[in-house]
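Heads up: the structure comes next, in structure tokens.
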Amino acid sequence: MSRGARPASAGSANALELRGVSRLFGALAALSDITLSVQPGERRAVLGSNGAGKTTLFNCITGDFAPSSGIIRFFGEDVTAFPPYERIRRGLRRTYQISSLFAGLPVLDNVYLACRGVSRNRYSLLRPRRDDALVHAAEGLIDAVHLTAVKDQLVGELAYGQQRQLEIALALSGAPRFILFDEPAAGLSPTERRDLVHILTGLPAHIGYIIIEHDMDVALRVVESVTMMHNGRIFKEGRPDEIEADPEVQDLYLGGGHG
Amino acid sequence: MATLETRSPSIDAGARIGLREAIARQGTAFWIVAALLLVMPLIATPFWLVQIIAYAIILGMIALSLMFLAGYGGIVSLVQMTVAAFAGYLVAILGDSAITQISLKWPWWATVPVAVVLASLFGVLSGALSVRTEGIYTIMITLAIASAFYYLSLQNYTIFNGFSGFNGILPPVFLGVDWGGDVAFYYLTLGSAALAYAAVIYVSRAPFGLALQGTRDNPRRMAALGFNVTAHRIAAYGFAAVIAAFAGVLLVWYQRQISPGTAGVGPVVDILIIAVVGGLSRPIGPFIGALVYVLLRTFSLDLLELVGLDGKRFQLLIGLGFLVIVLVSPDGLIGIAERVKGRYRRGREARTAEMGGPGGQP
Ligand SMILES: Nc1ncnc2c1ncn2[C@@H]1O[C@H](COP(=O)(O)OP(=O)(O)OP(=O)(O)O)[C@@H](O)[C@H]1O
Ligand SMILES: [Mg+2]
């Protein structure tokens, strides 16, 4: 697939565009008829109660699960039938709600793998040299999430919060164009939350993202638009202040005392 | 495969150590074994040198190719012995043998590379066929490929010469050395195995090997990092097949003949046994497993007769040994050695701590 073959409209196309995306698990419609567009550089929160289908939405966008129906475009290109790695190589990134790391490898190797995965020479039989650019890139990412002190430790030995930070570092590797964060703040300490907000607001302006987050203090501070989900459907979209003020939303979600 | 976690130092450590430091980091055991292997021709009889040690090294190399796949990739392939046998057959078919109506009599320097390349392609193809399966299904598919090759070689007379196969295959003479001589052949196998061993260790910490360990531990995340897990596994089959193919060339020079039995179901499974008994977590494991296997095969007959049993039961002894080792240690002999070492070290630390002597700090 030649990179030049990308549609000429890529500059004006939506970063992400979903048309009628549904996903069934047996009889359960985890997603039904989701239509959504996100502009390049746009930052959006997806909110909704447990089981609303937020993570399933991410899984369909990255290709972890194929949607049962519907079309997904990434910067204008129809990626619906692409395997996950093809989408990642085009600049999509994600974090997992439940940390999905390489527990038997040190922190540096985890991040190095992430940098390798979106570079050429994934099959290189040569060990990196002392001045390897990707090792430097990996060290930079580790520094950004404050893990430099533990960079040689096995990931399985890290504290929970540190593993969550590492999840974020993996999603920032290479040249991301759009990132999906699945509850990145869950289980973080107040300081770590502040660091997270700092990282998110500090991302270059051209990098857009969707963040799933139950903590409104985090979610509404780092986005310009909000999508509310319930039972696999989108039921409201708007600016953070509109959503916060919406009585229906307050009923269903904010005041609902959800777990 | 969770118990078989194969750990390597970080990519960074790999980058920062040069050859000299890598050598300096080896323990005394490594140097004793290396020195012993180097002077072996001075102390061992030709029988020990070739029939025991060189043979064990060759089988160890084939098992090493399986260790690479299983230890780093979580892929249990039963096709490695078949790759080796195919390379051996190609040496006989393309080169010289007593079956003059088939053998093409190419010189060794043309035969060996072509044999290795074709056998490696066969390994890649087997990988492509089986790589989408996991666990027991991989074992079944690779076993099916191995059996198919066995029956092909048994029933085809125009290329494989059927049941009788090829004999009269001699190691080459070059650089003024007859590599079929006991000492020369020993050093040839030792040198090849050392190269294969070093290559596996080196690659395990190179991006390719590191990513392979990633596909073993978390294939879904690897795909979400941009890796094509299927292609990566097929490439791993290719790397392993190159090692197995070289070992196959040595094997046919060692046996000086090759026939369907070389890659029958028995030998195919024996490679798995060797690798598992030795231990899949480190590249040295397969060589230890192979040595134990060859010793048992060679001497269990005498041993059994010594205690008044039928010498033909040596397979039983091997089977029992296999059972005991796997039951005692999920990581084979390596695992046992490591536990003994750990206990010894702890015991010594406890004693120094008790005596309140120096060096008692953790
Ligand atoms: N792999 C799966 N197999 C079967 N059902 C699934 C699977 N993944 C999700 N589901 C179901 O789909 C629905 C949506 O799940 P999803 O994980 O997308 O919710 P969520 O909005 O991310 O919830 P949470 O806030 O708890 O993370 C749930 O009812 C869940 O049980
Ligand atoms: Mg979720």
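A few notes on this one:
- Subset of segment A:78-119 (residues that are more than 28 Å from A:Ser32 (Cβ to Cβ), outside any loop (DSSP other than H, G, I, E, B) and either under 18 Å from the mean Cα position of the chain (by Cα) or within 16 Å of ligand 2 (Cβ to nearest atom) (or both)): A:Arg89, A:Asn110, A:Val111, A:Leu113, A:Ala114, A:Cys115, A:Gly117
- Residue match in segment A:182-200 (condition: buried (at least 22 other Cβ atoms within 10 Å of the Cβ), within 14 Å of chain B (Cβ to nearest Cβ), out of contact with any Leu (no Cβ under 7 Å at 6 or more places or on another chain) and in contact (Cβ under 8 Å) with a residue 12 or more places away in the chain): yes
- Where A:Phe75 falls short, out of the listed (1) more than 16 Å from ligand 2 (Cβ to nearest atom); (2) within 14 Å of chain B (Cβ to nearest Cβ); (3) touching a residue at least 60 places away in the same chain (Cβ under 8 Å): (2)
- Only one of the numbered conditions (1) closer than 25 Å to A:Gly156 by Cβ; (2) touching a strand residue (DSSP E or B) at 6+ places or on another chain (Cβ under 9 Å); (3) not hydroxyl-bearing (Ser, Thr, Tyr) is not met by A:Leu101, and that is (2).
- In segment A:214-253, the residues that are in contact with an Asp or Glu (Cβ under 6 Å, 6 or more places away or on another chain) and either assigned to a loop (DSSP other than H, G, I, E, B) or β-branched (Val, Ile, Thr) (or both): A:Thr227
- Residues in segment B:73-92 that are of a type in the set (S, T, N, Q) and assigned to a helix (DSSP H, G or I) were compared, and the one that is surrounded by the most Cβ atoms within 10 Å (Cβ to Cβ) is B:Gln80.
- The residue that is farthest from ligand 2 (Cβ to nearest atom), counting only those in segment A:37-53 that are within 14 Å of A:Lys236 (Cα to Cα) and of a type outside the set (A, V, I, L, M), is A:Ser37.
- Residue tally, condition of a type in the set (S, T, N, Q) and touching an Asp or Glu at 6+ places or on another chain (Cβ under 7 Å), over segment A:34-82: 2
- The set of residues in segment A:98-112 that are touching a residue at least 40 places away in the same chain (Cβ under 8 Å) and out of contact with any Lys or Arg (no Cβ under 9 Å at 6 or more places or on another chain) comprises A:Ala103, A:Asn110.
- Candidates B:Val307, B:Val328, B:Val294: the one that is among the aliphatic types (A, V, I, L, M) and in contact with a helix residue (DSSP H, G or I) (Cβ under 6 Å, 6 or more places away or on another chain) is B:Val294.
- Residue count, segment A:23-74 (criterion: surrounded by fewer than 22 Cβ atoms within 10 Å (Cβ to Cβ), more than 14 Å from the chain's Cα centre (by Cα) and closer than 25 Å to B:Gly226 by Cβ): 9
- Considering A:Ala52, A:Ala138, the condition of being without any contact (Cβ under 8 Å) to a residue 60 or more places away in the chain and among the hydrophobic types (A, V, I, L, M, F, W, C) is satisfied by A:Ala138 alone.
- Helices (runs of 4 or more DSSP H) contained in segment B:97-205 and holding at least 3 residues among the small types (Gly, Ala, Ser) and under 21 Å from B:Ile243 (Cα atoms): B:108-130, B:182-204
- Scope segment A:156-187; condition within 16 Å of ligand 1 (Cβ to nearest atom) and more than 26 Å from A:Ala13 (Cβ to Cβ); matching residues: A:Arg164, A:Glu167, A:Glu183, A:Pro184, A:Ala185, A:Ala186, A:Gly187
- Condition met for A:Asp143 (of a type in the set (D, E, K, R) and facing chain B (nearest Cβ under 7 Å)): no
- Options B:Ala231, B:Ala240: the member that is within 14 Å of chain A (Cβ to nearest Cβ) and either on the phi > 0 side of the Ramachandran plot or surrounded by fewer than 24 Cβ atoms within 10 Å (Cβ to Cβ) (or both): B:Ala231
- For the condition under 24 Å from B:Gly214 (Cβ atoms) and not assigned by TED's automatic domain parsing to the domain that holds A:Ala171, A:Glu139 does not qualify.
- Matching residues in segment A:217-236 - criterion: being more than 19 Å from the chain's Cα centre (by Cα) and without any contact (Cβ under 8 Å) to a residue 60 or more places away in the chain: A:Phe235, A:Lys236
- Residue within segment B:224-232 that is out of contact with any Gly (no Cβ under 7 Å at 6 or more places or on another chain), over 14 Å from B:Ile57 (Cα atoms) and assigned to a loop (DSSP other than H, G, I, E, B) present: yes
- Among the residues making up segment A:25-67, those that are touching a strand residue (DSSP E or B) at 6+ places or on another chain (Cβ under 7 Å) and aliphatic (A, V, I, L, M) are A:Ala29, A:Ala30, A:Leu31, A:Ile34, A:Leu36, A:Val38, A:Ala45, A:Val46, A:Leu47, A:Ala52, A:Leu57, A:Ile61.
- Against the conditions (1) within 28 Å of B:Leu90 (Cα to Cα); (2) modelled with pLDDT of 95 or more; (3) surrounded by 21 or more Cβ atoms within 10 Å (Cβ to Cβ), B:Thr262 satisfies every one except (2).
- Of the criteria (1) farther than 21 Å from A:Asn14 by Cα; (2) more than 10 Å from chain B (Cβ to nearest Cβ), which one A:Ala103 fails: (2)
The values are calculated or read from the model by the stated rules, or taken from the named source; none is laboratory data. Being a predicted model, the structure only gives us computed values, none of them experimental. All Cβ positions, even for glycine, are placed from backbone atoms using ideal geometry, and neighbour counts span all protein chains on display.
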